[in-house]
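The values are calculated or read from the model by the stated rules, or taken from the named source; none is laboratory data. As the structure is a prediction and not an experimental result, all values here were calculated from the model. Reconstructed Cβ throughout: ideal geometry from the backbone, glycine too, with neighbour counts over all protein chains shown. Just the protein is used for accessible areas: all its heavy atoms, side chains included, with ligands, DNA and RNA removed. Shrake-Rupley method; radii C 1.70, N 1.55, O 1.52, S 1.80 Å.
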Amino acid sequence: MKKYINFLDLGLQPLANNYLTKKDLKKKEKKYRLKVGINLITKLVAINKPLSSKIMFNNKYPYRSSMSKTMIKSFVELSKLINKKFNPKKILEIGSNDGSFIKNFSKKKVTGIEPCANVEKITKKMGFKTYANYWNLKTAKKILRKNGKVDLIYSANTISHIKNLDEVFESINIVLNNNGILIIEDPSLLECLKKNTYDQFYNEHIYVFSLIGIESILKKHNLEIFHIQNLKIHGGSNRYFIKKIFDKRKINISVEVNRNKEIKYGLEKLATYKQFAKRVITSKKVLRNIFNYINSKNKKIIGYGVTAKSTTILNYCKIGKRLISYFIDTTKDKQNKYTPGTKIPILKYLGFIEKDVDFVFLGAWNFQEEIFNKEKKFIKRGGKFIIHTPKPKIL
Ligand code: TMP
C-alpha cells in the first residue's frame with residue numbers, strides 16, 4: 001500500500017484459508033508475494049497488496065470461532081463484563097462468525113454482521129438477527145434504518161481484516177450512540193514482534209495493530225481509547241475500549257501504560273522492524289533444521305490445528321508433505337482437504353493422537369494450553385511438540 005516501507009518478505013503465499021479439495025490438487029494454485037510494511041506517519045503495519053474482501057470472505061469461509069474453548073470462555077467473560085459495566089440495551093457485533101459472542105445475549109438485544117453467508121446462516125438458523133454483509137457505509141445505514149442506533153459495538157479479529165479503516169470507523173460513528181462504547185480486539189503488534197510470530201501476517205490480516213497505530217486512525221474520526229486489556233488470546237491480543245471524543249468518560253491509566261510500553265520497545269522506529277525481520281529469517285532456518293533432523297531419524301511428524309497462521313509458516317519455511325505426514329483438525333470444513341500451498345492432507349481429529357506419531361507440529365500454537373491439556377496421554381508416552389514461537393523448539 002502507498003506510503004508503506006516494506007521490512008519483511010514472506011515469499012510466495014497461497015490464500016491462507018483456502019483449503020484444497022482433491023480436485024483442486026490438479027489445478028495451479030494462485031499465489032502472491034507477501035510483504036509487510038510500516039507507515040511511519042500513521043504507525044500502521046500492513047501487508048503489501050491486500051486482496052479484495054470478496055476473494056477472502058465468501059460463502060466457503062471455513063473459520064469457526066466456536067472451535068476453541070478458550071475463545072468461548074473469553075466471550076462469556078466479556079459478555080458478563082459488558083452487562084455489568086455498560087448495561088447496553090442494543091448491541092451490534094461486526095464479524096459475528098458462528099455466534100460465539102452474540103449467543104451470550106438475548107436475541108432482542110443483539111444484531112450480528114457476518115459477510116460469509118455460509119457462517120451467517122448458522123446464527124440466522126438459531127434465530128438471531130444477523131446480516132450477511134461486509135461492514136461498510138451501506139451496511140451501517142441499513143442497520144440504522146432497521147434497528148436504530150446501538151449502545152455498544154463489539155468486533156473481535158475483524159477490523160484488522162478490512163482495508164479501508166476510514167470507512168470502518170465512519171460507519172461505526174453512524175450507528176453508535178453518542179455515549180456508546182466500541183470494543184475492538186485484535187492481535188497485538190508488540191506481542192507479535194516480541195514473540196516472533198510472523199505468521200500473524202497472511203492475506204486476511206491486512207493489519208496487525210499497535211495501540212499507537214489504532215490511535216492515529218481513531219483520532220481522525222473523533223474516537224478515543226479509554227481503557228485497554230491485554231489478553232493472552234491468539235498469542236497476545238489487545239482489547240480496546242473506545243468512546244466518542246465528546247463523551248466525558250475518564251481515561252484509564254492502562255492507555256498510557258500500553259502506549260509507553262510500545263514506544264519504549266521502538267514501535268515508532270523502522271529499525272525495530274528491520275531487526276524483527278532478521279529474527280524471522282533465523283527462525284525459518286532453525287525450524288527447518290529441527291524438521292530435517294527429526295526426519296533424518298525416521299520419526300513421524302504430524303500437524304495439529306490447521307490455521308491461517310500455519311499457512312504462512314509452512315509456505316515461508318517450505319515445510320511440506322515430506323516433513324509432515326498429515327494434519328488433524330476439529331473443523332469440519334477443513335477435514336479431508338489439503339493445506340494451502342503445501343498440500344498436506346488434513347484429517348478429522350478422532351479425539352487422540354495416533355500411537356505411531358512421535359512429534360506434533362503445533363499449527364494452533366495460540367491454543368497451546370488447551371491442546372496440551374487435551375493431549376496428556378501423548379505427552380505421557382513421550383510424544384513431543386514442535387513450536388516456532390518465541391523461538392523454534394521441541395517441547
Ligand atoms: P485459529 O488459530 O485460526 O483460531 O485456528 C485454530 C484451528 O485449530 C481451528 O481449525 C481449530 C483447530 N483446533 C483443533 O483442531 N483442536 C483444538 O483443540 C483447538 C483448540 C483448535
Quiz item: Name the residues in segment 350-395 that are part of a helix (DSSP H, G or I), more than 11 Å from the ligand (Cβ to nearest atom) and surrounded by 18 or more Cβ atoms within 10 Å (Cβ to Cβ), would you?
Solution: PHE378
Exercise. Look through GLU170, GLU224 and report the one residue that is open to solvent by 30 Å² or more (accessible area, probe 1.4 Å), farther than 23 Å from SER74 by Cβ and assigned to a strand (DSSP E or B).
Key: GLU224
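Do any helices (runs of 4 or more DSSP H) entirely within segment 19-130 hold 2 or more residues that are crowded, with 21+ Cβ neighbours inside 10 Å and free of Cβ contacts under 8 Å to residues at least 40 places away in the same chain, and if so, which?
Numbers: elements: 53-56, 69-85, 117-125.
Hits in segment 19-130: 117-125.
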Quiz item: Among the residues of segment 290-349, which ones are within 11 Å of the ligand (Cβ to nearest atom) and more than 23 Å from LYS31 (Cα to Cα)?
Solution: TYR304, ILE328, ASP329, THR330, THR331, LYS332, LEU347, LYS348, TYR349
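Do you know which of the residues in segment 271-284 that are under 25 Å from the mean Cα position of the chain (by Cα) and without any contact (Cβ under 8 Å) to a residue 60 or more places away in the chain is surrounded by the most Cβ atoms within 10 Å (Cβ to Cβ)? Let's see the steps before the verdict.
Start the filter on segment 271-284 by keeping residues that are under 25 Å from the mean Cα position of the chain (by Cα), which leaves 272-284.
Filter again for without any contact (Cβ under 8 Å) to a residue 60 or more places away in the chain, leaving 275, 278, 281-282, 284.
On the way: GLN275: 14, LYS278: 11, ILE281: 12, THR282: 12, LYS284: 20.
If we take residues in segment 271-284 being under 25 Å from the mean Cα position of the chain (by Cα) and without any contact (Cβ under 8 Å) to a residue 60 or more places away in the chain, then LYS284 is surrounded by the most Cβ atoms within 10 Å (Cβ to Cβ).
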Quiz item: Using beta carbons and a limit of 9 Å, which pairs, at least six apart or on different chains, have the first residue in segment 323-340 and closer than 25 Å to LYS297 by Cα and the second one within 10 Å of the ligand (Cβ to nearest atom) and among the basic types (Lys, Arg)?
Solution: PHE327/LYS334; ILE328/LYS348
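From GLU170, GLU185, GLU191, grab the single residue that is farther than 23 Å from ASN59 by Cα, over 19 Å from the mean Cα position of the chain (by Cα) and modelled with pLDDT of 95 or more.
Values: GLU185 fails: over 19 Å from the mean Cα position of the chain (by Cα); GLU191 fails: over 19 Å from the mean Cα position of the chain (by Cα).
The unique qualifying residue is GLU170.
State yes or no: is ILE206 closer than 26 Å to VAL150 by Cβ, under 18 Å from the mean Cα position of the chain (by Cα) and either of a type in the set (A, V, I, L, M, F, W, C) or open to solvent by 20 Å² or more (accessible area, probe 1.4 Å) (or both)? Write out each step before concluding.
Values: closer than 26 Å to VAL150 by Cβ: yes; under 18 Å from the mean Cα position of the chain (by Cα): yes; either of a type in the set (A, V, I, L, M, F, W, C) or open to solvent by 20 Å² or more (accessible area, probe 1.4 Å) (or both): yes.
Considered against the rule, which asks whether it is closer than 26 Å to VAL150 by Cβ, under 18 Å from the mean Cα position of the chain (by Cα) and either of a type in the set (A, V, I, L, M, F, W, C) or open to solvent by 20 Å² or more (accessible area, probe 1.4 Å) (or both), ILE206 comes out as yes.
From ARG259, ARG239, which residue is in contact with an Asp or Glu (Cβ under 8 Å, 6 or more places away or on another chain), crowded, with 19+ Cβ neighbours inside 10 Å and at pLDDT 95 or above?
Details: ARG259 fails: crowded, with 19+ Cβ neighbours inside 10 Å.
That would be ARG239, the only listed residue that is in contact with an Asp or Glu (Cβ under 8 Å, 6 or more places away or on another chain), crowded, with 19+ Cβ neighbours inside 10 Å and at pLDDT 95 or above.
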